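*Asks:* Take a look at the following structure, please.
The values are calculated or read from the model by the stated rules, or taken from the named source; none is laboratory data. All of these numbers come straight from a predicted model, not from anything done at the bench. Don't worry about glycine lacking a Cβ; one is built from the backbone with ideal geometry, like all the others, and counts go over all protein chains shown.
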């Protein structure tokens, strides 16, 4: 263990020169609060567990020997680890393990405590959700602590069946020892023990992070983003209709087959991107001897539309008209009352954004929705 001890000595010296002056006792309230709140967070999704906590104890700068003495005689003992390889311990007394298993199998905590028994792999799997939620809650509750010298996120590693291996897995000191008595539904009570690895270099990082001032957003941020994204190309599809058909019929389709549609289908033309987001809706018609789609104003929720669309009115029509300038009118329209299945089987006529072709600003006095489309 000398190499590990030397590392901790160097870390303490670096932290001292960096100006970290934080007494260990100052962190006890944060650890007590984080422990109790994390247990309640982990127990909340388990209906019937109904935990109450008693006898919360925090020992700062604890040794491994003191942790081994505090371990419950029977139950689940597991190694924990952070992303940088710092290891610790977690222990659940056998009565608490039984309570966790019972609420997940029978929906309630049994009022009879069975004898202690070895923890099986199934027992371990049924306890994992509670343990993972506990560590996630503990990280959430303590991550903002300026003097935190324990890892921000700890994860379950594996069960330790032979307690004699613990001395080989962990250094002899450099821990915080936390344990609490957990009462499940007033029927079973057991201890939860956590051995946190403590590293002074983590306290220095946490202090620097808390002292860092958040970056301010420049006043021109919005216009700068629009200026950068404005020239970006956008693919739009004019969707004339959508249809559903059996898979057997789709498999029989071949080149030259036609999909019929009614005049009413042309009343619900949509302008969409490749992800299916609808930018505008319109109706098929004619202007200047050419087929065109007249874009409609977006309707707000409660005004005859099920979609909540805040952008509406004349300005929205003009913006939608400008979007439609990016598409050729021929690409929007079928050549006859029957739509060939050329590019797909879904009844969708798609067109990539091409060279802009000007369309008159709305309103269109010459627009004739009843003009023949053939």
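*Asks:* Do you know which residues across the range 216-230 are in a loop (DSSP other than H, G, I, E, B) and at pLDDT below 85?
*Replies:* Within the range 216-230, 216, 217, 218, 219, 230 qualify.
Residues checked against (1) surrounded by 10 or more Cβ atoms within 10 Å (Cβ to Cβ); (2) at pLDDT 75 or above; (3) on the phi > 0 side of the Ramachandran plot:
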| residue | (1), (2), (3) |
| --- | --- |
| 233 | no, yes, no |
| 242 | yes, yes, no |
| 271 | yes, yes, no |
| 274 | yes, yes, no |
| 299 | yes, no, no |
| 305 | yes, no, no |
| 332 | yes, no, no |
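*Asks:* All but one of (1) surrounded by fewer than 17 Cβ atoms within 10 Å (Cβ to Cβ); (2) closer than 30 Å to residue 32 by Cα; (3) modelled with pLDDT of 85 or more hold for residue 193, so report the exception by its number.
*Replies:* Single failed check for residue 193: (1).
*Asks:* Hey, another quick one. Name the residue, out of 137, 34, 75, that is crowded, with 18+ Cβ neighbours inside 10 Å, at positive phi, modelled with pLDDT of 90 or more and assigned by TED's automatic domain parsing to the domain that holds residue 192.
*Replies:* Of the residues listed, the single one that is crowded, with 18+ Cβ neighbours inside 10 Å, at positive phi, modelled with pLDDT of 90 or more and assigned by TED's automatic domain parsing to the domain that holds residue 192 is 75.
*Asks:* If a residue must be under 24 Å from the mean Cα position of the chain (by Cα) and closer than 16 Å to residue 189 by Cβ, how many such residues does the range 30-39 contain?
*Replies:* 1
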